[in-house]
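Contents: one structure, followed by commentary.
The values are calculated or read from the model by the stated rules, or taken from the named source; none is laboratory data. Keep in mind the model is a prediction, meaning the values are calculated, not measured. Please note: Cβ atoms are built from the backbone with ideal geometry, for glycine as well, and neighbour counts cover all protein chains shown. Accessible surface areas use protein heavy atoms only, side chains included; no ligands, DNA or RNA. Shrake-Rupley method; radii C 1.70, N 1.55, O 1.52, S 1.80 Å.
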Amino acid sequence: RVTELRGDAALLDTLLQDRRRMLQALNPRCWTGTTQGPLTLHLARAGALENAGICLHPPYGFAWIPGSGLKGMTRAFAETLTDAPDDDRQRIFGWSPDGKETDGAAGSVVFHDAWPTRWPTLVRDLSNSHHAKYYTGTRPEPPADYEEPVPISFLSVQSGTEFEFLLSKRSPATSDADLELAQRWLTGALTHLGIGAKTAAGYGTVICAEQPAAPVAARRRETFEVELRLVTPAFLAGAQQRAEDCDLRVPTLR
């Protein structure tokens, strides 16, 4: 079983050290963040050549977060949840010709791939569609309790996994202010939007260990913590149907 496989921790440590030495010349901005729930990427790419529906590093096989995904998520955060000027967004993320400009330009900040600091554990996750016929339009009647659920299994990265995030300047002309602003947007996106698939169900949220000096306030997004106490019995077993899998999942709360 895939979830029972364990990678070579010493190999990952060596790879991380080599990567840091390689990027040291770029003087990158580096920090870590820890997932606050399950993380899953590339669910739509199931198949032997596409890592069985989860994003795994092609040569080495550990779960990672591509820099292109981090850049896209950060841009979405900057465009929808901040009041950032267009000039700042175009300078940091770049732009392509739209009929008005004669040419495009690359962004001033490079978003590097995020690697785990320890070999991540994959877990078997599932999504239950209780009313598949209704949602697919093959059953015109409203959904009812007597229908059978259709469990759909997929892989996700275990909660509490730490990743290393890196940003660097594309050229010496890039200002420190651009690098700092990109970090603020990225940490805001990881906190408020989440990375990967199923973010609306609580997947992919990352809390960074080092917060920027002036974090970006996300419009229309507030967070709070609450402690719940069960006063009656509850059936909470998840995909594994084991004691360690007994938790109150975000989709249930939602």
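Counting only helices (runs of 4 or more DSSP H) that sit completely within segment 42-137, those holding 1 or more residues that are aromatic (F, W, Y) and modelled with pLDDT of 85 or more correspond to 67-80, 86-93. Is it fair to say R229 is among the basic types (K, R) and either at pLDDT 95 or above or more than 29 Å from L126 (Cβ to Cβ) (or both)? In short, no.
Taken over segment 144-177, the criterion of being open to solvent by less than 30 Å² (accessible area, probe 1.4 Å) and either part of a loop (DSSP other than H, G, I, E, B) or over 27 Å from T34 (Cβ atoms) (or both) is satisfied by A144, T161, T174. Here segment 179-209 is the region considered, the condition is being more than 14 Å from R75 (Cβ to Cβ) and of a type in the set (D, E, K, R), and the residue that is surrounded by the most Cβ atoms within 10 Å (Cβ to Cβ) is K198. Inclusion of A214 among residues that are at pLDDT below 70 and open to solvent by less than 70 Å² (accessible area, probe 1.4 Å) is warranted. Among the residues of this structure, L12 counts as one that is surrounded by 14 or more Cβ atoms within 10 Å (Cβ to Cβ) and more than 14 Å from L166 (Cα to Cα).
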